[in-house]
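Have a look at the structure below, then the notes.
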Amino acid sequence: MIEIDNIHKSFEANNVLKGVYADINKGEIFTIIGPSGQGKSTLLRILNTLERPTSGQIFFDSNDLFSGKKTPVEVRRRMSMVFQKTAVFDMNVFDNIAIGLKYRGYSKTDINETVNRALDEIGLSGYGGRSAKTLSGGEMQRVALARAIVSKPDVLYLDEPTASLDPVNTEKIEDLILHYNKEYGTTIVMSTHDMLQGQRLSDRIGVMMDGRFLQIAAPDEIFSRPGNENVARFIGINN
Ligand code: ADP
Ligand code: MG
């Protein structure tokens, strides 16, 4: 579904991505794992077309994302992203989730039905009228996920979705990620620095270090047969 072909990205003299290759399959949960500062967020932003690569190509269902000046809106609309630092808008919870649907021409009835179902899924039924700014971090992250998923994207990009959460909220977010993947068939590409989270959720993991994927494989394979010393050391550090 998504072909990442020799992506390079530099910020002035800082070469962050140095030849990233991967093929992401429709319907899978693919996790980018690596220490901080390795370019996980940068790669996700490029995939979501928020950033242009310095060189290389990304094909999304055979659409070359960066061949023109702008990625066509109908291609862009098939993707959603949730950022590490959750942004809820200063409005109520219902409107936070509904915000993209109005632009997509949903009717009022459709919006009500979709948002109420989403509130139910994230365990926040009855919270629709509440100011989003008054939610806890875990609740905000669930609202951000709901906002991203109600527009029925084919792929959901999640940048360290549980980075600042306690174990209980982390489990809730992980359950939601699995739910969206299984229930809606949403392809999920996420990043984390938590190897065990990668193991819990992923069909495949890409270990990102030194600006590229050192290994891409199923979690069990990475644990039992780390591709090289650096991968082995990273797994060791995280256990
Ligand atoms: P990770 O998500 O793995 O922690 P990032 O993608 O956030 O890594 O960052 C990788 C490197 O790129 C870091 O050195 C960071 O400082 C740099 N970087 C990221 N975004 C920018 C930017 N917009 N301008 C300059 N440098 C950036
Ligand atoms: Mg990051």
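Pairs please, first residue from the stretch 153-168 and free of Cβ contacts under 8 Å to residues at least 12 places away in the same chain and more than 12 Å from ligand 2 (Cβ to nearest atom), second anywhere and in a strand (DSSP E or B) and open to solvent by 30 Å² or more (accessible area, probe 1.4 Å), Cβ atoms under 6 Å, 6+ apart in sequence or on different chains.
Cβ pairs passing all conditions: none.
Just to verify a result, which residue in the stretch 123-150, among those that are surrounded by 19 or more Cβ atoms within 10 Å (Cβ to Cβ) and among the β-branched types (Val, Ile, Thr), is nearest to residue 169 (Cα to Cα)?
Only one residue tops the list, namely 143.
Can residue 40 be described as modelled with pLDDT of 95 or more, within 16 Å of ligand 2 (Cβ to nearest atom) and either open to solvent by 70 Å² or more (accessible area, probe 1.4 Å) or under 22 Å from residue 156 (Cβ atoms) (or both)?
yes
May I ask you to say which residue of 82, 88, 16 is more than 17 Å from the chain's Cα centre (by Cα) and either closer than 24 Å to residue 140 by Cα or within 16 Å of ligand 2 (Cβ to nearest atom) (or both)?
One residue alone meets the criteria, 16.
Could you tell me whether residue 58 is at negative phi, in contact with an Asp or Glu (Cβ under 6 Å, 6 or more places away or on another chain) and aliphatic (A, V, I, L, M)?
no
Out of everything in the stretch 181-239 that is of a type in the set (Asp, Glu) and more than 22 Å from the chain's Cα centre (by Cα), what residue ends up being least open to solvent (accessible area, probe 1.4 Å)?
221
Given 190, 208, 140, which one is under 30 Å from residue 110 (Cα atoms) and touching a residue at least 60 places away in the same chain (Cβ under 8 Å)?
Just a single option satisfies the conditions, and that option is 190.
The values are calculated or read from the model by the stated rules, or taken from the named source; none is laboratory data. Since the model is a prediction, treat every value here as computed from it, not as a measurement. Methodologically, a virtual Cβ is constructed for each residue, glycine included, from the backbone with ideal geometry; neighbour enumeration extends over all protein chains shown. In case anyone asks, the SASA skips ligands and DNA or RNA and just uses the protein heavy atoms, side chains included. Shrake-Rupley method; radii C 1.70, N 1.55, O 1.52, S 1.80 Å.
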